[in-house]
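Asker: One structure is given below, represented as structure tokens, and several questions about it will come after.
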Amino acid sequence: MTENRSRDGHVLVWEQAQMATDEGIVPQKKFGTRHYIVFMLFLGMANAYVMRTNMSVAIVAMVNQTAIEKDAEEFDDECPDTDYGEETDDAVDGEFIWSTSMQGYILSSFFYGYVITQIPFGLLAKRYGAMRFLGWGMLLNSVFAFLVPLAARQGGAGWLIAVRFIQGLGEGPIVPCTHAMLAKWIPPNERSRVGSIVYSGAQFGTVISMPLSGLLADHGFDGGWPSIFYVFGIIGTVWSIAFLLTCYEDPVTHPRMREDEKKYIQQSLWGNAAIHIPPIPWSSIAKSMPFYAILLAHLGQNYGYETLMTELPTYMKQVLRFSIKTNGVLSALPYLAMWLFSIVVGWVADWMLTSGRITHTWTRKISNSIGQYGPAIALIVASYTGCSRGLTVAILTIGVGLNGGIYAGFKINHLDLTPRYAGILMAFTNCSANLAGLLAPMAAGNIIEGKPTIAQWRIVFVIAACVYIFTATFYNIFASGQRQFWDDPETDELQKPSAPIESPEHSEAKGVNNGTNLTYRTVNEAHQS
């Protein structure tokens, strides 16, 4: 089974990158500036998800559960107190009386700001560069974390929602700008594994945030839960400043990186630098079923993922009756599994492709099926485990762990369809998918309000599972791993500007100074070289 990875005899960008490697154009040091950039982007992604998930744990400690239960419908205490030798936290109640539905709105408020900035920052990053938007956006997010306790205590739920909305605005650049920076810094033949590492920072941040937030809520200063936002606010601020001071937009503008590494990156990416990128083919994208396959898969992923990420701590508390400290640790286990599995499945997917036995299309579909059918089955099974705490946690851990398959599935599929417009497609699918992030906690909050029983939680889990199954099936029917006709380099000749004036750096990046002819070559010419 083979796929035509070229278009009308033109070698694609990642194949040109492999050519450069075969010719011996590699940096002398294995750890270079690009690896530092990758490390910082990984930490940035982790920071983003810390800011996103810490409220899920904090709100359990913020709310006066006893007062809510008195005013709510009858509370079905089906499960006994934890049998793991720890006391529950019934004696320690929060200071706010917020209904379950209000808690859902608070948890969702972050995503309102996050969603509306996706597409604008994707377009701005393409035109003005990504690094500053990313650094300053995360700084805004981190600084406003300090205001969360003040807003909640002085202004109530309304002011808290406003602050979380602004934090979401600051985090909006994280995905489109990270995608744009990876395109400029990482040679195409390294992008699969590097992309998996960077985006797995989301799970790493979740793994760090949940147990540490639980410990801070239990033992922190200023009443416990406020320390969650102070501590992570400091960490995020330090990262943002370090990122702005030490990272650069691309290798050309970096003043201190090694010359051999700079040339390696530039010559690996010469296709992107030398080819005129025409206007975005909006009409063709709007008619592309493989694009809609990615979009639907992304929607399903975010609905299921946000249901678990924002509601799992509450489920642990209300139904399984774990203490807050245990709650944070056990809520993080599924994301630890997902973090580890996402890295493994990325390497396996690369092996599947390099073996030549499985096409890009089938590799994406197989990986995505594992990543979405797996958690769907786990959610359904977990909804029938009742008060079996260990079994429930084990099933959810396995299911969310399998969810890591999406990184080698739809998450990287944008680059298969259109390497030149992948960032724009990512901005659109990520924006649309996070609308599901708005709906998931609100839907769960309204379903379980007043009656947080196993039966009501079963409805929440089954709905998420059905969304997973439907969107994964749609993806399997319409997805493709082939480059689309509307991203055909041959048509660029009709729109290519004549004799542009280039800077010396740009000329060198294209190979003019070293005598390399960096124009599009046919497949035969490429092999001959």
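The values are calculated or read from the model by the stated rules, or taken from the named source; none is laboratory data. Here the structure is a predicted model, which is why all the values come from computation and not from measurement. Virtual Cβ from ideal backbone geometry, glycine too; neighbours counted across all protein chains shown. Quick note on the areas: whole protein, heavy atoms, side chains included, nothing else; ligands and nucleic acids left out. Shrake-Rupley method; radii C 1.70, N 1.55, O 1.52, S 1.80 Å.
Asker: So which helices (runs of 4 or more DSSP H) are wholly in the stretch 100-160 and hold at least 1 residues that are at pLDDT below 85?
Answerer: Correct list: 100-116, 118-128.
Asker: Within the stretch 465-489, can you find the residues that are part of a loop (DSSP other than H, G, I, E, B), farther than 15 Å from residue 291 by Cβ and either open to solvent by 40 Å² or more (accessible area, probe 1.4 Å) or touching a helix residue (DSSP H, G or I) at 6+ places or on another chain (Cβ under 7 Å) (or both)?
Answerer: If the condition is that a residue be part of a loop (DSSP other than H, G, I, E, B), farther than 15 Å from residue 291 by Cβ and either open to solvent by 40 Å² or more (accessible area, probe 1.4 Å) or touching a helix residue (DSSP H, G or I) at 6+ places or on another chain (Cβ under 7 Å) (or both), then no residue fits.
Asker: Given the criterion under 27 Å from the mean Cα position of the chain (by Cα), closer than 30 Å to residue 135 by Cα and at pLDDT below 75, identify the matching residue among 13, 50.
Answerer: 13
Asker: OK, next. I'd like the residue in the stretch 383-431 that is part of a helix (DSSP H, G or I) and free of Cβ contacts under 8 Å to residues at least 12 places away in the same chain and, out of all such residues, is most open to solvent (accessible area, probe 1.4 Å).
Answerer: Applying the filter and picking the extreme gives 391.
Residue-by-condition table, conditions (1) over 16 Å from the mean Cα position of the chain (by Cα); (2) free of Cβ contacts under 8 Å to residues at least 12 places away in the same chain; (3) surrounded by fewer than 23 Cβ atoms within 10 Å (Cβ to Cβ); (4) on the phi < 0 side of the Ramachandran plot:
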residue	(1), (2), (3), (4)
161	yes, no, yes, yes
174	no, no, no, yes
186	yes, no, no, yes
213	yes, no, no, yes
221	yes, yes, yes, yes
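Asker: Here are 332, 286, 297: which of them is at pLDDT 80 or above and open to solvent by less than 10 Å² (accessible area, probe 1.4 Å)?
Answerer: 297 is the lone residue from the list that is at pLDDT 80 or above and open to solvent by less than 10 Å² (accessible area, probe 1.4 Å).
Asker: Name every residue in the stretch 362-402 that is at pLDDT below 90 and among the polar types (S, T, N, Q), in order of residue number.
Answerer: 363, 383, 385, 388, 392, 397, listed by residue number.
Asker: With respect to residue 443, is the statement that it is under 30 Å from residue 215 (Cα atoms), among the small types (Gly, Ala, Ser) and surrounded by fewer than 24 Cβ atoms within 10 Å (Cβ to Cβ) true?
Answerer: When the stated conditions are applied, residue 443 passes them.
This table checks each residue for (1) assigned to a helix (DSSP H, G or I); (2) β-branched (Val, Ile, Thr); (3) on the phi > 0 side of the Ramachandran plot; (4) open to solvent by 60 Å² or more (accessible area, probe 1.4 Å).
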{"residue": "228", "(1), (2), (3), (4)": "yes, yes, no, no"}
{"residue": "234", "(1), (2), (3), (4)": "yes, yes, no, yes"}
{"residue": "239", "(1), (2), (3), (4)": "yes, no, no, no"}
{"residue": "242", "(1), (2), (3), (4)": "yes, no, no, no"}
{"residue": "248", "(1), (2), (3), (4)": "no, no, no, no"}
